[in-house]
2 protein chains.
Amino acid sequence: MEVRKVLLEEHEMPRQWYNILADIKMNPPVGPDGKPITPDMLAPVFPMNLIEQEVSSERWITIPEEVQGVYKIWRPSPLVRALSLEKALGTPAKIFFKNESVSPPGSHKPNTSVPQAYYNKVFGIKRMITETGAGQWGSALAFACSQFGLECKVFMVRISFDQKPYRKAMMEAWGGKCVPSPSPETKAGRDILEKYPNTPGSLGIAISEAIEAAVSDSSGSSRYSLGSVLNHVMLHQTVIGLEAKKQFEKIGLYPDVIIGCVGGGSNFAGLAFPFILDKMNGKKIDIYPVEPAACPTLTKAPFVYDYGDTAGYTPLLAMHSLGHAFMPPPFHAGGLRYHGMAPTVSQLAVEGLIQPRSVNQLDAYKAGVLVARTEGIIPAPETTHALACVVEEALKAKEEGKEKVIVFNWSGHGLLDLGAYEKYFSGELKNYALSDDDITSSQKVFESYPKPGILKSR
Amino acid sequence: MEVRKVLLEEHEMPRQWYNILADIKMNPPVGPDGKPITPDMLAPVFPMNLIEQEVSSERWITIPEEVQGVYKIWRPSPLVRALSLEKALGTPAKIFFKNESVSPPGSHKPNTSVPQAYYNKVFGIKRMITETGAGQWGSALAFACSQFGLECKVFMVRISFDQKPYRKAMMEAWGGKCVPSPSPETKAGRDILEKYPNTPGSLGIAISEAIEAAVSDSSGSSRYSLGSVLNHVMLHQTVIGLEAKKQFEKIGLYPDVIIGCVGGGSNFAGLAFPFILDKMNGKKIDIYPVEPAACPTLTKAPFVYDYGDTAGYTPLLAMHSLGHAFMPPPFHAGGLRYHGMAPTVSQLAVEGLIQPRSVNQLDAYKAGVLVARTEGIIPAPETTHALACVVEEALKAKEEGKEKVIVFNWSGHGLLDLGAYEKYFSGELKNYALSDDDITSSQKVFESYPKPGILKSR
């Protein structure tokens, strides 16, 4: 009988993360004056040991033993052969996925929340503060903080807070405190509440509140934490792809196609980055980051310097961006509703090392339901975007009669997103067609900003 | 670094289930006249191949390859060392658990829904019909049916249907159809709706509807399915304990204490039964089934002949029972709210081979939160009952200074029960003290029923 799951024992888990900054050229983060940001300017926001990781160009960075100890709660994650999906599609392609839904919070997010909590703990921080939209990231940070005995505070966008009470309960189960944003606890929150007492909130406001709460803690023992976009987040996620490489070695295969959904970029980066060096060295791999057609950052937005948050608290980052004030339409994949893209992922797109694609919401759910009924696991709305691309590639392989090896990242399960499935089945979900004007309307701000260089790493 | 997860490769998965009927004496199911039920009397309800399993006394029954193929979606499940819990309790005990929450529906239930769907398929059945209370079993059957291309219909107790819309969406994601019970689709449902149009429903009514819908399908291609209590259900669940035995062999340990929560008995049986024969042969093992104090079937109810359902459609089963009309108070562990207990588990209790215990709701949640904050996984409300006992045993080992090996069954995760955690944190949950009268009030019916013999297997 054919094997479904390629396992690794705990002692086979990677001992180091892969840092792609060693292998690609990057435009540095800058201030509005175009001057590079120095590490000490970030010190009130992040602990210095994480800032050092953010700017490091060492290729391999050791995973601390304490982090490995917590990773072992769910890692190494299985590399799964999607035998039933292959059969349903009648494709000669071999389809594999890294199942990152097996973590306690149900997604790949704890791959970085755990080391972030560890480094904060080591640096003497007592309390981590973050924001969350749909709730995946807030849950992952609450879980990580519970493992290292840190307090955790999460500002959750009010509309999600009201619609998804389970996420709040989840954070609370791990000892985290979750409040709706805007809140009366910060100046940013109070200002908004005064003007718009009934606002549903936004990720931009929540980020502002979280950063303000962290930097204004006069004890100095609070820090902010971000779940995607930044270099150190991508670094931590590479444990996914490094495991996958070992697992493919075990079965004597190597992927022809790599697929991951992208919002901020971290689950895609986690799987793809460890394979990028092989591609730079001549290996033929098609690498597809897949974004929602309703938030087309890589496929339709320019490569510019822009802020990572709506309020403009962060440095300017060189990335593909729809403009930091871009408001994506209300599609159901909260983790992909981001105006920008990780600078590392953006740089790879600029260099043509990855080929961005986009899918619309209904195609994504259609693929998600097909996969739930074959492989059994109910995918997160984010993951369904990768699945739509996987189905397309598998059918293409069928047409071409090619026995390709396709691997994708199953970024999370959809058990706390079943409300969205309910809407899909009742016909309430729709696609969102963006006009050219919708796409460009938030991009005027770039005109006055510094411009990133178009760098070539090889 | 110490290993957390003891894994088995797929080729090490057990090829046979263990049938405890080969090793214990049992009172047969009987009709109201006291005469044993014959297999053909059950034929309108279950397919004959499952009825044969129900009455078989073969010790080992082969797991069909098609069932193994689906098991491999999540099996073998890891045997996890609860290192962080041990540390938090400061106990010298080594605590392990079988993590059955890793299945797509999130519990041990698919261990039996998958073979049940397979045997129905082989027998030519097109549609399986069942009832569900909290939704775990209905989800597991919908998942299994999607794997074998069967239709699935689930009657879900109306109050749960309304309170837990995610469960319905989950069944739908796997192609199952879930309707609130009572429904206008059956005579049983219509009769109740006419009398009590606003009834919240009950498991008893839902069972009646599911059986009626199955046996009244004039095409003859529908059958009923039950997720606990029956012998063949316990049989299928033994894959848990058989894997655990292999995993303990790998690390050179053997459990001193085995713990599982009990409602109908199936997750407990799955872990414990494969160890019972060793105990019969002189091995010293303490085996604790743990039930809610508010539904004290094994700890406070007599061993009698009683019906498995409220309406009295099933044969009379020899079991511990609070009376088939017993209505447990509304505590939040839907899977443990059952008036009876599997006849096999009941027989073991009668023989003193297992030592039943009970815990109240608040102690269960307290243990659940401690474990979520140490081991990371959020337990199902049912599992928290086992956890309360685990904590007690681990602290006892600490007092006694004994390095005991404790293993328990993590029957499911609580991601779709976070509403109950929310209530626990807000102080809304309470314990339910049952009076003697509460416990005995539904037991008068037994007086007129046949009486089971007190059998001794060894």
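For chain B, the longest principal axis of the C-alpha atoms and the axis of helix B:136-148 are separated by about 80°.
Per-residue ellipticity at 222 nm for the protein assembly as shown, helices alone: DSSP H runs ≥ 4 residues times -39500 (n - 2.57), over residue total, nearest 500 deg cm²/dmol?
Values: 36 runs with 360 residues, N = 916.
For the protein assembly as shown, the value works out to -11500 deg cm²/dmol.
Solvent-accessible surface (1.4 Å probe) assigned to B:F161 amounts to roughly 40 Å². By the Cβ distance rule of under 4.7 Å, chain A has these cysteines without a partner: A:C178, A:C261, A:C295, A:C389. Over 21 Å apart at the Cα level, from the set A:K109/A:K404; A:K5/A:K398; B:K121/B:K187; B:K94/B:K423; A:K164/B:K164; A:K87/A:K404, are A:K109/A:K404; A:K5/A:K398; B:K121/B:K187; B:K94/B:K423. For B:F123, inter-copy separations between label points set 7 Å beyond Cα along the Cβ vector come to 6.3 nm, shortest first.
In chain A, the DSSP beta bridges split such that about 35 percent are antiparallel, to the nearest 5. Shown here for the range A:271-305: trypsin sites (Lys or Arg not before Pro) in loop regions (DSSP other than H, G, I, E, B) with at most 15 other Cβ atoms within 10 Å, namely A:K283, A:K284. Interface burial in the range B:1-43, defined as at least 50 Å² less accessible area with all protein chains than with the chain alone at a 1.4 Å probe, covers B:M1, B:R4, B:K5, B:L7, B:E9, B:E10.
Using a probe of 1.4 Å, the accessible surface attributed to A:L230 totals some 30 Å² when neighbouring protein chains are kept in position. Could you pull out every one of the aspartates and glutamates with an alpha carbon less than 15 Å from that of A:K430, ignoring same-chain neighbours closer than 8 positions? Within the straight-line cut-off, A:K430 pairs with A:D363, A:E422.
So, in Å, what gap is there between the alpha-carbon centers of the range B:37-85 and the range B:232-276? Taking the Cα centre of each part, the range B:37-85 and the range B:232-276 sit 13 Å apart. Taking the accessible area of the protein assembly as shown, probe 1.4 Å, and keeping the other protein chains in place, the carbon and sulfur fraction comes to 53%. Applying a DSSP loop filter and a limit of 14 other Cβ atoms within 10 Å to the GluC sites (Glu not before Pro) in the range B:298-395 leaves nothing. Helix B:266-280 and the longest principal axis of the Cα set of chain B meet at an angle near 60°. Each copy carries a label point for A:E399 at 7 Å from Cα toward Cβ; from one copy, the others' points are 7.2 nm away, ordered from shortest. Inter-copy label distances for B:G31: 9.2 nm (label point placed 7 Å from Cα along Cα→Cβ; shortest first). Taken per residue, the accessible surface of the range A:232-338 reaches 26 Å², heavy atoms only and a 1.4 Å probe. For the range B:167-212, heavy-atom accessible area (probe 1.4 Å) falls by no less than 10 Å² from the chain alone to the full protein assembly at B:K168, B:A169, B:M170, B:E172, B:A173, B:W174, B:G175.
Does the range A:352-458 come out rounded, prolate or oblate, given a ≥ b ≥ c as the square roots of the eigenvalues of its C-alpha gyration tensor, rounded meaning a/c under 1.5 and, failing that, prolate meaning a/b above b/c? Oblate shape, in that a/c is at least 1.5 and b/c is the bigger or equal ratio. Helix A:110-122 axis versus longest C-alpha principal axis of chain A: approximately 40°, rounded to the nearest ten.
For the pair B and A, the buried accessible area comes to roughly 4100 Å² in total, with a 1.4 Å probe and the value rounded to the nearest 100. At a threshold of 30 Å², the residues of the range A:71-100 that become less accessible to a 1.4 Å probe in the full protein assembly than in their chain on its own are A:K72, A:I73.
The values are calculated or read from the model by the stated rules, or taken from the named source; none is laboratory data. Note that the coordinates shown come from a computational prediction; the quantities given were computed from them, not determined experimentally. For neighbour counting, all protein chains shown are included, and Cβ atoms are generated from backbone atoms with ideal geometry for every residue, glycine included. SASA here: full protein model, heavy atoms, side chains in, ligands and nucleic acids out. Shrake-Rupley method; radii C 1.70, N 1.55, O 1.52, S 1.80 Å.
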